[in-house]
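Below: the structure, in structure tokens.
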Amino acid sequence: MSQIPLVGSKKRVASYDERVCSRCMGHRALCGVKPCPLLMRAKALVRIDDAVTNLTLTGSSPPSVFVGEQGYPKVLIGPLIPPIKGEETALMERPDLWLDRTMDEIIGMRFSLVRTKQPLSVDSAVDPPRILEETQTMALSESPTDSEALLLKKPRFTSVFSDTTLPYGPSAPLDTFKLDDNPKVPRPVDRITSDTDLKATKGILGLYDDGIRQQHTTRLFSVGLLGEGKSRKLVPTKWSITAVDDIIGKSLHKQVLRFPWISDFMVYVGKALGNTVIILFLPSVWQFEGLESWLSGPNPPIISDYEWFRGRKNYASVVAGAYYATRLPALEFLVDMRRQAGVIVFMQTDPKKWIPLGVWRFREIARRALLGVGKRYSTLGEAVDEVDSHLSGSVERWLKASRLYSEFGTQRTLEEFY
């Protein structure tokens with residue numbers, strides 16, 4: 001058992017079990033201690049001053065929108081607006097550019113975003129009221145959009161961290177919202193969102209093929225701008241992030257199955273923001289496994305989800321969003337190579353450097369790692385030794401938790417019968 005001081009109006013001390021923290025990772029509320037001591041420690045790293053002094057908020061949204069999942073099918077939706085104007089606010093919604101930033105810089109940027117919110121039915125995307133229509137128009141933009149919001153109450157901090165979504169600052173109920181300038185809408189975005197006969201899946205894949213950033217696509221999907229006209233719905237941000245990862249991944253998976261195997265074992269490594277991502281490629285048919293461990297104590301638990309040749313039919317509920325966030329870069333890499341392989345991803349988080357920032361970090365760390373120079377080996381043992389050199393603790397514990405590793409050693413190929 002350990003103790004960590006909580007930060008608040010009164011000094012308190014809460015006990016927590018590191019073994020529970022290893023499974024909870026700060027967002028699953030397994031220990032019952034409220035507020036979570038780990039999240040309070042993270043929040044204390046940045047001095048939070050009142051971002052808004054009155055009920056009128058003017059600023060340049062990155063652009064950014066948040067749709068909550070609580071209360072579904074009636075959800076809280078609204079734009080995220082910082083009390084500043086200028087093109088520099090674009091960085092607040094570009095996690096792909098954050099890997100070399102400090103944790104303080106990232107939290108400072110995101111905490112300056114005020115989350116405005118108004119309750120709406122998810123079906124309201126079909127015939128949007130004025131506030132939603134303005135929010136959707138803003139979501140179309142690829143660059144910051146000046147806007148003005150009238151709030152019903154002064155913003156205050158509530159829940160700011162999530163396992164899947166980016167953190168944000170104080171929140172407040174929204175009265176009115178309007179744009180002060182016209183959004184800059186890329187042609188593919190205008191074409192696909194205007195097509196009310198196009199299903200959402202095809203729309204997402206069309207945006208991906210046209211090079212639209214994934215964060216932009218997720219935003220469009222979340223605010224109900226994709227899909228057939230009468231079927232359009234608001235989608236909670238947390239769900240839309242994983243849905244977009246999965247939809248693109250499934251499309252790439254179909255392509256990978258047609259390619260020949262790689263001939264060597266390959267290892268790629270990426271590190272940033274207290275996280276290590278190691279990607280091991282095996283010369284085999286497509287199969288994938290995500291292994292994740294949050295380092296606390298001498299023997300932290302290792303969680304796993306996996307799929308075989310034909311992919312998954314059910315949600316990867318153990319590793320959750322991180323599973324889909326790392327599967328996508330692996331598939332992108334194989335499609336670019338025009339090769340097929342088995343893949344094991346090792347995700348390790350150092351709690352001393354960790355703040356919950358969402359699954360984007362695993363996706364972007366993996367993508368950057370795969371843009372670099374990997375190492376090739378002729379034997380599995382050599383590749384495992386390379387993986388071991390980048391992990392804290394023995395690789396043996398990881399391999400014991402891996403279903404793919406144990407199966408790979410017993411699989412027989414067609415060549416063995418000739």
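Summary of values
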quantity	calculated
Failed item in (1) buried (at least 17 other Cβ atoms within 10 Å of the Cβ); (2) without any contact (Cβ under 8 Å) to a residue 60 or more places away in the chain; (3) closer than 19 Å to Lys74 by Cα, with Pro173 passing the rest	(1)
Failed criterion for Tyr168 (all others in (1) over 27 Å from Ala325 (Cα atoms); (2) assigned to a loop (DSSP other than H, G, I, E, B) hold)	(1)
Exclusive hit being modelled with pLDDT under 95 and surrounded by 16 or more Cβ atoms within 10 Å (Cβ to Cβ), set Phe362, Phe408	Phe408
Any hit, segment 138-161, residues being part of a loop (DSSP other than H, G, I, E, B) and of a type in the set (Lys, Arg)	yes
Counted residues, segment 73-123 - those being among the polar types (S, T, N, Q), in contact (Cβ under 8 Å) with a residue 12 or more places away in the chain and under 28 Å from Arg367 (Cα atoms)	2
Subset of segment 149-170 [closer than 15 Å to Thr89 by Cα and surrounded by fewer than 21 Cβ atoms within 10 Å (Cβ to Cβ)]	none
Sole residue being in contact with a strand residue (DSSP E or B) (Cβ under 7 Å, 6 or more places away or on another chain) and among the polar types (S, T, N, Q), chosen from Ser121, Ser141, Ser194	Ser121
Thr237 being buried (at least 18 other Cβ atoms within 10 Å of the Cβ) and within 30 Å of Gly342 (Cα to Cα)	no
Residues (modelled with pLDDT of 95 or more and in a loop (DSSP other than H, G, I, E, B)) located in segment 327-359	Arg338, Arg339, Ala341
Of all residues in segment 100-112 being surrounded by 15 or more Cβ atoms within 10 Å (Cβ to Cβ) and not in a helix (DSSP H, G or I), the one that is modelled with the highest pLDDT	Arg101
Of residues in segment 53-71 being outside any strand (DSSP E or B) and touching a helix residue (DSSP H, G or I) at 6+ places or on another chain (Cβ under 7 Å), the one farthest from Leu220 (Cα to Cα)	Glu69
Residues that are of a type in the set (A, V, I, L, M) and closer than 15 Å to Ile278 by Cβ, drawn from segment 326-340	Ala330
Pick from segment 338-359, criterion among the polar types (S, T, N, Q) and more than 22 Å from Val285 (Cα to Cα), ranking: surrounded by the fewest Cβ atoms within 10 Å (Cβ to Cβ)	Gln348
Residue match in segment 387-401 (condition: touching a strand residue (DSSP E or B) at 6+ places or on another chain (Cβ under 6 Å), outside any helix (DSSP H, G or I) and of a type in the set (Gly, Ala, Ser))	no
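Residue by residue, here is whether (1) more than 14 Å from Thr145 (Cβ to Cβ); (2) surrounded by fewer than 20 Cβ atoms within 10 Å (Cβ to Cβ); (3) not hydroxyl-bearing (Ser, Thr, Tyr) holds:
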| position | (1), (2), (3) |
| --- | --- |
| Leu55 | yes, yes, yes |
| Ser64 | no, no, no |
| Val67 | yes, no, yes |
| Glu87 | no, yes, yes |
| Trp98 | yes, no, yes |
| Val114 | yes, no, yes |
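Let's see how each residue does on (1) of a type in the set (Phe, Trp, Tyr); (2) touching a Pro at 6+ places or on another chain (Cβ under 7 Å); (3) assigned by TED's automatic domain parsing to the domain that holds Pro351; (4) within 23 Å of Leu225 (Cα to Cα):
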{"position": "Lys74", "(1), (2), (3), (4)": "no, yes, no, yes"}
{"position": "Ile77", "(1), (2), (3), (4)": "no, no, no, yes"}
{"position": "Pro82", "(1), (2), (3), (4)": "no, no, no, no"}
{"position": "Ala90", "(1), (2), (3), (4)": "no, yes, no, yes"}
{"position": "Leu99", "(1), (2), (3), (4)": "no, no, no, no"}
{"position": "Thr102", "(1), (2), (3), (4)": "no, no, no, no"}
{"position": "Gly108", "(1), (2), (3), (4)": "no, no, no, no"}
{"position": "Val126", "(1), (2), (3), (4)": "no, no, no, yes"}
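The values are calculated or read from the model by the stated rules, or taken from the named source; none is laboratory data. No experiment lies behind these values; they were computed from the predicted model shown. Cβ coordinates were reconstructed from backbone atoms using ideal geometry, including for glycine residues, and neighbour counts include every protein chain displayed.
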